[in-house]
Amino acid sequence: MSDVVIGLEVHCQLDTRTKLFCPCSTDYRDDGPNTHVCPVCLGLPGTMPATNRAAIEYALKVAKAFHCTIPEECEFSRKNYFYPDLPKGYQITQYDRPLALGGYIEIEGEEGGEKRVRLTRIHVEEDPGRLVHKGNVDRGRYSLVDYNRSGVPLIEIVTEPDMCSPKEARRLLAQLRATLEYLGVYDSEKEGSLRVDANISIRGHERAEVKNISSYRGVEKALTFEITRQRSLIRRGATIERETRHFVEARGTTTSSRSKVEEHDYRYFPEPDLPPLRVAGWVDAIALPELPAARRERFVAQYSLSLNHARTLTGDLRLAAFYEEVAGDDPALAATWVADTLLGELNYRDRTVATVDPARFRALLALVRAGTITDRSGIEVLRAVLDGDEEPKAVVDRLGLAATGDDGVAVAIAEAIAEFPQAVADYRAGKASAINYLAGQVMKKTRGRADPRELGRLLAEALEE
Ligand code: ZN
Ligand code: MN
């Protein structure tokens, strides 16, 4: 049993067309600062918020997908604090009457099998603006503020401290991201659409809260660093203080926030400009699409995939769709090529499957399946297709990768036997593995175009003579 205790608070931007309380567009990333603003999201006096129904429906979808209890009524509250990115001096959020309570997210547990991470609550709130620091945060002369983000709808998902390793935290976030994207309420590729606060402690000691981690990879790194830091303090007999820490992405470390955590008094009170929100009638009308777990089971049943392949392929909405587009007549071959080969090549290039043309990938699979090229040449073709702008067939012709007929292979075998008499002698003396050495030489001579299964048989035959 691990003695590590991890809980997460995750903020995700809901991918609505307009902001939570005004009609400004949320599509602000390619535009100049302060171009998607109005009196409401600038917090000018005398303005009134009006709730975006789509944002509430999106949040209800999430709550339903994670098996939460959804009260008939929820309510917005004001969270009062002063910060330049918050022009009203308060954030409209939910406090004691959130949209959803309880529920759980299912992940693959560290010790195998499915594990349920319980949720405390899910609530809806508005995103603050964004500060742009000129130079170093501490020493820069000034900061600029951009209110384009101000008022974009967020859901905040709070988990119970049910995770016991950074890996489980990563899996939870992956499952969360996948589900939200399947629901069509979130776009993980939009910069800044995710922010995570992580609570982490070693059982029996105080916990640290690592604030504002903004990437999926960052969460695992920050937590791994914290475990090492906390364990080394405990080993030295020091006490771990309850504190807020910041993740330094570039170094993969966390640092103590200079000020000690004071318990903030946010003076929450119900938002007087918005009546309580009655959602009872909406919830039943919300239909959920096929979610990752269901699609995983379908992939196993429909395409006879291994659980591992099905898990990988359904772990991302775009990848699952891509796979179904290329599965064709040989879903097993396609699964291996997508989950094992393509994903590796994409990760290496820091690219997503969205950048791959399914028609070209299908053409590549057809060449492999027909035996026109070997698996090994197929990888070479795939790399050329990913890095250039060519059809697979054109790559095969240009690089001369078509699998050689028996003649070319026979010549290479004869050469290898003549050139490596020691290996031949070893093989004939009963050292069976010597044949692998000769096969490697033949592969070299044919530049990988010999069919490996055939090659073993042909070599053995030639060595009999
Ligand atoms: Zn606005
Ligand atoms: Mn929040």
Which one of these does G218 not meet: (1) within 16 Å of ligand 2 (Cβ to nearest atom); (2) within 24 Å of the chain's Cα centre (by Cα)? (1)
For G151, are the conditions met, namely being in contact with a strand residue (DSSP E or B) (Cβ under 6 Å, 6 or more places away or on another chain), part of a loop (DSSP other than H, G, I, E, B), away from ligand 1 (no atom under 16 Å from the Cβ) and not hydrophobic (A, V, I, L, M, F, W, C)? no
Filter result for Y83 (assigned to a loop (DSSP other than H, G, I, E, B), under 18 Å from E9 (Cα atoms) and not small (G, A, S)): no
Does A169 satisfy being closer than 16 Å to V10 by Cβ and of a type in the set (G, A, S)? yes
Yes or no: R318 in contact with a Leu (Cβ under 9 Å, 6 or more places away or on another chain) and of a type outside the set (S, T, N, Q)? no
Could you go through segment 197-208 and let me know if any residue there is surrounded by fewer than 19 Cβ atoms within 10 Å (Cβ to Cβ), in a helix (DSSP H, G or I), touching a residue at least 60 places away in the same chain (Cβ under 8 Å) and more than 16 Å from ligand 1 (Cβ to nearest atom). no
Hey, does segment 104-116 have a residue that's among the basic types (K, R) and closer than 29 Å to E168 by Cβ? yes
For P161, only one of the following conditions fails: (1) of a type outside the set (V, I, T); (2) at negative phi; (3) buried (at least 20 other Cβ atoms within 10 Å of the Cβ); (4) part of a loop (DSSP other than H, G, I, E, B). What is its number? (3)
Take the residues of segment 147-163 that are under 19 Å from L14 (Cα atoms) and of a type in the set (D, E, K, R): which is nearest to ligand 2 (Cβ to nearest atom)? E156
Here the residues within segment 98-139 that are among the polar types (S, T, N, Q) and under 23 Å from V158 (Cα atoms) are T120
Residue by residue through segment 418-438, note down the ones that are surrounded by fewer than 19 Cβ atoms within 10 Å (Cβ to Cβ) and under 29 Å from E380 (Cα atoms). E419, F420, S433, I435, N436, Y437
Of residues in segment 79-124 being among the small types (G, A, S) and crowded, with 19+ Cβ neighbours inside 10 Å, the one farthest from ligand 1 (Cβ to nearest atom): G103
Go over the candidates F76, F66, F21 one by one and state the one that is within 12 Å of ligand 1 (Cβ to nearest atom), modelled with pLDDT of 95 or more and either surrounded by 16 or more Cβ atoms within 10 Å (Cβ to Cβ) or under 30 Å from R207 (Cα atoms) (or both). F21
For V37, are the conditions met, namely being β-branched (V, I, T), away from ligand 2 (no atom under 15 Å from the Cβ) and either under 27 Å from the mean Cα position of the chain (by Cα) or in the same structural domain as S150 (by TED's automatic domain parsing) (or both)? yes
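The values are calculated or read from the model by the stated rules, or taken from the named source; none is laboratory data. It should be emphasised that the depicted structure is a prediction, and the values quoted were computed from it without experimental measurement. For neighbour counting, all protein chains shown are included, and Cβ atoms are generated from backbone atoms with ideal geometry for every residue, glycine included.
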